[in-house]
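Heads up, the thing below is written out as structure tokens.
The values are calculated or read from the model by the stated rules, or taken from the named source; none is laboratory data. Note that this is a predicted model, so its numbers are computed, not measured. So basically every Cβ, Gly included, is an ideal-geometry build from the backbone, and we count neighbours across all protein chains shown.
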Amino acid sequence: MSPEEFDELPQGGSGTVEEGTTDYTAPTVKTMFPSSFGTTFCLDLDAKELKITARWGHYARKHSETLTTPTGDKKLVWKRSQPEEVSKPIAVQPGRLTWTPDPEFPEVQVQGITRPRSHFWSVTLFLVNGQEEPKKLRDRAWLFQPELMVESPDGKPIFHRRPTQRDLGKSDPVTFAEEQEMAMLYRHQIEFGVGHGVSIHAGCPEGVCDRAVRLATKQFDRLMGMGVLEKV
């Protein structure tokens, strides 16, 4: 059984010699870290290319330049590097895309798919950590504070509002009424993209609120584990 399926055990008093020690409550819940996160956004139909930026923190065990052990040897410490790569312009066309930001980390990829709609392009991008966890020094295969940013190579505001209302035939009356109410309440708030396991920040030109020039993920102290948990 998973830890979530256990009921809370009743709290006993202090343990005695006759009764033994007091039982613990429920088992500790396992911690799971995602191995991917991403975003879905809309582009103008006349958009031709995209530029993607991926960055993350990486830790490796290396010898310190200043610290030493009691025997005088250089001490092993964790050192951080900051891989950051910008893609060449990627053509906006129907189908899937795969980009490896850093050749040193071939299992870390940006995977995505572009779908044509009637009035826009629908694009989904994921940063995926496909590295296998080693038996020792597992932190070497983790990504720390990863970020993903997408923009137009020429700086044009090609991102626009995501459609929030479904077709009448694809929604029940209660859901449709709720969507209309939410659309009215937030009619002055523009949603350029939706995050998958992360929040999204849009950068708009000065004086413009209905178009964006870039979208970037934002999060606090994010960790990415190993293995592909989500497929685009």
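Say we look at segment 38-60 and pick out the residues that are aromatic (Phe, Trp, Tyr) and buried (at least 20 other Cβ atoms within 10 Å of the Cβ); which of these is nearest to residue 129 (Cα to Cα)?
Taking segment 38-60 first, the residues aromatic (Phe, Trp, Tyr) are 41, 56, 59.
Next, from what is left, pick out any that are buried (at least 20 other Cβ atoms within 10 Å of the Cβ): 41, 56.
Values: 41: 21, 56: 11 Å.
My answer is 56.
Are there any pairs, at least 6 apart or on different chains, whose C-beta atoms fall under 6 Å, with the first in segment 39-63 and farther than 17 Å from residue 124 by Cβ and the second assigned to a strand (DSSP E or B) and among the aromatic types (Phe, Trp, Tyr), and if so, which?
57/144; 59/78
Considering only segment 172-207, state which residues are within 18 Å of residue 122 (Cα to Cα) and of a type in the set (Asp, Glu).
191
What about residue 54, is it under 20 Å from residue 202 (Cα atoms) and either out of contact with any strand residue (DSSP E or B) (no Cβ under 9 Å at 6 or more places or on another chain) or in a loop (DSSP other than H, G, I, E, B) (or both)?
Numbers: under 20 Å from residue 202 (Cα atoms): yes; either out of contact with any strand residue (DSSP E or B) (no Cβ under 9 Å at 6 or more places or on another chain) or in a loop (DSSP other than H, G, I, E, B) (or both): no.
So residue 54 fails the test.
Yes or no: segment 210-228 includes at least one residue that is in contact with a helix residue (DSSP H, G or I) (Cβ under 9 Å, 6 or more places away or on another chain), in a loop (DSSP other than H, G, I, E, B), modelled with pLDDT under 80 and within 27 Å of residue 54 (Cβ to Cβ).
yes
When the residues of segment 81-115 are filtered to those that are in a strand (DSSP E or B) and touching a residue at least 60 places away in the same chain (Cβ under 8 Å), which remaining residue is surrounded by the fewest Cβ atoms within 10 Å (Cβ to Cβ)?
Among those that are in a strand (DSSP E or B) and touching a residue at least 60 places away in the same chain (Cβ under 8 Å), it is 96.
Across segment 126-155, what is the number of residues that are out of contact with any Ser or Thr (no Cβ under 6 Å at 6 or more places or on another chain), within 30 Å of residue 209 (Cβ to Cβ) and either surrounded by fewer than 16 Cβ atoms within 10 Å (Cβ to Cβ) or among the aliphatic types (A, V, I, L, M) (or both)?
Going through segment 126-155 one residue at a time, the tally reaches 6.
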